């Protein structure tokens with residue numbers, strides 16, 4: 001091979017490497033973008049069953065008395081937090097558009113004060129974004145002293161736009177310890 | 001061949017000028033003086049030596065991963081806890097998967113690429129020889145690190161090779177950060193190797209060789225390399241997020257902090273599904289080289305093979321959630337991923353039919369590489385069919401996380417990818433070492449492997465359909481017979497690989513029948529113009545390539 005064509009080949013290699021590196025960088029960028037994209041995608045579609053993290057306003061639409069939805073509450077506590085969480089009524093029937101209040105009781109069964117937070121999840125996930133919460137203990141961390149009991153409300157509304165095939169919504173709350181996150185001894 | 005075309009010139013023309021003491025020896029060239037002494041293998045930039053290093057490394061990993069699999073099979077020989085503790089069992093299944101996927105199959109294909117791509121396209125070496133050296137030497141570091149976790153406090157990775165969070169974050173052993181570093185190193189090695197392969201294929205083809213004149217092994221590797229560049233950053237990203245979740249208090253995958261464990265599975269399988277094709281596309285290229293050789297016909301449907309490979313690669317990006325049918329996807333997503341997954345069966349079917357059409361009315365002979373290639377076609381198709389069964393979303397709810405899945409992916413990976421690698425080794429060993437692999441040992445190796453592998457994995461279909469869950473060290477009594485068979489088959493398959501080791505050692509010591517430049521009667525391609533064994537430096541002068549005479553796609 002002549003020196004000229006060798007140089008040409010070297011230039012070609014350098015060009016290919018540059019382009020592959022650009023592709024690589026693009027894919028790194030894409031990977032980083034996937035996280036916010038996933039969050040936005042789930043927020044729009046409710047796919048991961050998450051509900052809004054802040055209080056929502058009451059949707060002013062008419063109450064749809066033609067159908068009623070069964071709303072079930074499930075609660076559980078994650079390991080490492082000696083708390084119990086219970087819904088006063090584990091199941092209620094509501095009309096879409098109706099503003100309803102449900103009470104929950106938190107109990108710290110442990111010997112020490114703890115911080116905890118309830119994380120909600122709605123299934124079927126198609127219904128998640130139609131489950132609107134005006135007030136919820138799940139918007140912030142709670143602190144309970146040893147042995148303390150506390151009643152906390154959830155005020156919610158099922159959006160009248162809820163697809164007709166959804167007849168039942170299950171709201172699951174999982175209690176997680178937030179001691180470490182708030183810098184307190186677990 | 002048309003009579004107007006020139007015949008192949010003297011074979012010596014293809015010999016490296018420098019090896020023949022020719023004029024090019026004086027030209028300034030980075031690889032003229034081969035490193036010698038103890039550091040020779042550490043410093044080598046020669047594609048053949050690095051290829052050999054890759055292949056020997058993957059062989060070592062194949063045996064280590066195999067021993068781990070035999071621990072698993074020994075434990076499952078009978079119901080009840082027999083030999084190991086469940087915690088250790090989990091480490092064995094996890095390490096077996098990681099070592100085989102990242103340490104054995106992937107490096108074996110990269111090793112074959114290193115050896116054969118420059119020979120098949122008439123290039124003197126890889127485009128970036130020093131980077132090539134670096135890519136290889138990252139691997140021993142990565143896998144020493146990974147294996148060392150087994151001896152650390154709390155043990156090695158025990159969360160399955162798919163390392164789902166939060167098993168691999170909140171509940172993981174302390175050694176997980178080492179595992180993450182090892183994955184990073186192996187990932188960097190793969191990315192660098194892929195860039196090198198793309199640069200080589202796109203720039204160093206001998207004059208006259210168009211893209212559609214390249215052997216199928218080169219084509220499949222070009223496409224695989226693009227897959228690697230596309231998805232390895234996703235793997236790097238996902239393990240980095242794990243690292244942050246474990247050590248720096250973030251909650252990408254932790255629901256308590258607002259994260260989502262399902263996100264992990266989406267990210268992992270967005271990498272993981274193309275990864276599956278990274279481990280099978282080069283195998284398609286190997287089979288597409290071997291079948292025409294021993295059928296003494298040209299490959300049927302060359303262009304459709306290329307397009308099928310590209311379609312499989314593209315489809316691999318839109319099917320990932322078929323691994324996650326049971327996480328609670330909406331119906332629309334279930335249907336989308338079900339149909340796209342089934343769509344993959346079309347280009348794959350094109351390939352299988354092309355191989356069969358190549359065999360049709362060929363003058364077939366059954367040399368060792370052909371035996372492995374034919375076994376590949378049959379057994380890979382079995383794995384493909386169980387794949388279509390798994391693609392049916394409603395049925396997958398029954399199959400998910402059972403031994404049916406284990407049977408499926410082992411059928412595509414062991415009698416599939418591994419058999420293709422073995423076929424490639426038998427096919428090119430004469431070119432690498434100058435002697436034919438031992439026919440007797442090779443035949444024994446083949447038949448014991450076929451019996452062993454099917455005895456191991458075929459009963460798993462039934463235990464899976466009956467509901468036996470994967471990754472559990474103990475099982476209900478009704479699965480005992482199937483597991484007994486699987487364990488016997490596993491030990492048969494495992495120990496018969498020692499025969500392959502013997503074949504390789506004999507070839508490396510030049511014990512065996514001397515091979516001519518073209519050891520297989522029907523073989524075509526530039527690599528067969530070189531003497532056997534191929535000299536260290538080849539094709540310093542690009543070989544003559546006339547598409548009408550030499551292209552595998554010629555009419």
### Query
Give me the pairs: first residue in the stretch B:128-139 and within 14 Å of chain A (Cβ to nearest Cβ), second residue crowded, with 19+ Cβ neighbours inside 10 Å and outside any helix (DSSP H, G or I), beta-carbon distance under 6 Å, and six or more apart or on different chains, which are they?
B:129/B:45; B:130/B:45; B:132/B:126
#### Entry: Filter result for residue B:235 (more than 18 Å from residue A:18 (Cα to Cα) and under 24 Å from the mean Cα position of the chain (by Cα))
yes
### Query
Any residue in the stretch A:101-112 that is over 28 Å from residue B:331 (Cβ atoms) and within 14 Å of another protein chain (Cβ to nearest Cβ)?
no
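State the number of residues belonging to the stretch B:512-527 that are within 23 Å of residue B:502 (Cα to Cα) and assigned to a loop (DSSP other than H, G, I, E, B).
Of the residues in the stretch B:512-527, 6 are within 23 Å of residue B:502 (Cα to Cα) and assigned to a loop (DSSP other than H, G, I, E, B).
Looking only at residues that are in a strand (DSSP E or B) and in contact (Cβ under 8 Å) with a residue 60 or more places away in the chain in the stretch A:130-155, which one is surrounded by the most Cβ atoms within 10 Å (Cβ to Cβ)?
This residue is A:136.
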### Summary
residue B:83: passes all of (1) part of a helix (DSSP H, G or I); (2) modelled with pLDDT of 90 or more; (3) surrounded by fewer than 19 Cβ atoms within 10 Å (Cβ to Cβ) but (1)
### Message
Being away from every other protein chain (no Cβ under 13 Å), at pLDDT 90 or above and within 25 Å of residue A:168 (Cα to Cα) is true for just one of A:72, A:62, A:56. Which residue is that?
### Response
A:72
### Query
So residue A:7 clears everything in (1) closer than 30 Å to residue B:262 by Cα; (2) within 13 Å of another protein chain (Cβ to nearest Cβ) except one condition, right? Which one?
(1)
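Do we find that residue A:119 is touching a strand residue (DSSP E or B) at 6+ places or on another chain (Cβ under 9 Å), without any contact (Cβ under 8 Å) to a residue 60 or more places away in the chain and within 11 Å of chain B (Cβ to nearest Cβ) in this structure?
It is true that residue A:119 is touching a strand residue (DSSP E or B) at 6+ places or on another chain (Cβ under 9 Å), without any contact (Cβ under 8 Å) to a residue 60 or more places away in the chain and within 11 Å of chain B (Cβ to nearest Cβ).
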### Message
Restricting to the stretch B:197-220, name every residue that is within 14 Å of chain A (Cβ to nearest Cβ) and assigned to a helix (DSSP H, G or I).
### Response
B:197, B:198, B:199, B:200, B:201, B:202, B:203, B:211
### Message
Suppose we filter the stretch B:382-404 for residues that are surrounded by 19 or more Cβ atoms within 10 Å (Cβ to Cβ) and assigned to a helix (DSSP H, G or I); how many remain?
### Response
12
### Query
Does residue B:432 fit the bill of being at pLDDT 95 or above and crowded, with 21+ Cβ neighbours inside 10 Å?
yes
### Query
Identify, please: which residue in the stretch B:326-346 is part of a helix (DSSP H, G or I) and closer than 11 Å to residue B:265 by Cβ and is, among those, nearest to the other protein chains (Cβ to nearest Cβ)?
B:327
### Query
Residue check, residue A:14 against (1) more than 8 Å from every other protein chain (Cβ to nearest Cβ); (2) in a helix (DSSP H, G or I); (3) under 29 Å from residue B:268 (Cβ atoms), all met but one. Which one?
(3)
### Matching residues, the stretch A:75-98, being in a strand (DSSP E or B) and exposed (fewer than 15 other Cβ atoms within 10 Å of the Cβ)
A:76, A:86, A:91, A:93
### Task
Could you check, for the stretch B:244-258, whether at least one of its residues is closer than 30 Å to residue B:380 by Cα and either within 14 Å of chain A (Cβ to nearest Cβ) or outside any helix (DSSP H, G or I) (or both)?
no
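Take the residues in the stretch A:24-34 that are in contact with a helix residue (DSSP H, G or I) (Cβ under 8 Å, 6 or more places away or on another chain) and surrounded by fewer than 16 Cβ atoms within 10 Å (Cβ to Cβ); name whichever of them is nearest to the other protein chains (Cβ to nearest Cβ).
A:28
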### Query
Scanning for something part of a helix (DSSP H, G or I), in contact (Cβ under 8 Å) with a residue 24 or more places away in the chain and within 10 Å of chain B (Cβ to nearest Cβ), does the stretch A:39-52 turn up at least one residue?
yes
### Task
Kindly check whether there is at least one residue in the stretch B:200-208 that is buried (at least 23 other Cβ atoms within 10 Å of the Cβ) and either within 18 Å of the chain's Cα centre (by Cα) or closer than 30 Å to residue A:37 by Cβ (or both).
no
### Task
Among the candidates A:112, A:105, single out the residue that is touching a residue at least 12 places away in the same chain (Cβ under 8 Å), surrounded by fewer than 19 Cβ atoms within 10 Å (Cβ to Cβ) and in contact with a strand residue (DSSP E or B) (Cβ under 7 Å, 6 or more places away or on another chain).
A:105
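The values are calculated or read from the model by the stated rules, or taken from the named source; none is laboratory data. Not measured: the values here are computed from a predicted model. Every residue, glycine among them, receives a Cβ derived from its backbone with ideal geometry; neighbour counts consider all protein chains shown.
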